[in-house]
Amino acid sequence: MEYLTKQPENLSALQRFGRWLRLKQYQIEVTFGVYMFTPTEKFLFWSVVFLLCGLLIIATVLYLPQHVLFIINRAWFYVNGGESGIMSNLVAGNKGALSLATSSTKTTMAAATDMAESIIREL
C-alpha cells in the first residue's frame, strides 16, 4: 500500500514548492487538529503561525551574520589566543571598509547637495 502519490516529473520548481507547502499545511492541520477549527479559529491560528515564521526570518536575516562572526572570533581566540592574527585583520578590514563606505556616501551626498544648490541658483 503506497501512501505517497507519484508526482509528475515535468513540474516546475515553483509548482513543486507549492505542493510541498500544501503537504506541510495538511500535516500541520492533521497534527494539531486545525481541520476541526471554525473559520475564525483557523484564521487566528494561521495568523499566529505566519507572524512567528516572519519574526523568525527577520531575526535570522538581521542577527545571524553578527552572531556567526562573534562565534568565529571567539573560536579564533580560543585556538590562537589573543587578538593577533588573520581574523583580527579581517575584522579590522571589515570595519575599515564600513567607514570607507560611510565616508564615500557622505562625499556623494555633499556633491549632490552642492549640485542641487547650484541648479536652484540658476533657476
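The values are calculated or read from the model by the stated rules, or taken from the named source; none is laboratory data. Since this is a predicted model, take the numbers as computed values, not measurements. Positions of Cβ are generated from backbone atoms using ideal geometry, with glycine treated the same way; all protein chains shown enter the neighbour counts. These area figures cover heavy atoms from the full protein model, side chains too; ligands, DNA and RNA do not enter into them. Shrake-Rupley method; radii C 1.70, N 1.55, O 1.52, S 1.80 Å.
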Working carefully through the options ILE57, ILE72, find the one that is open to solvent by less than 100 Å² (accessible area, probe 1.4 Å) and of a type in the set (A, V, I, L, M, F, W, C).
ILE72
Of the residues in region 7-26, those that are in contact with a Lys or Arg (Cβ under 9 Å, 6 or more places away or on another chain) and of a type in the set (Phe, Trp, Tyr) number 0
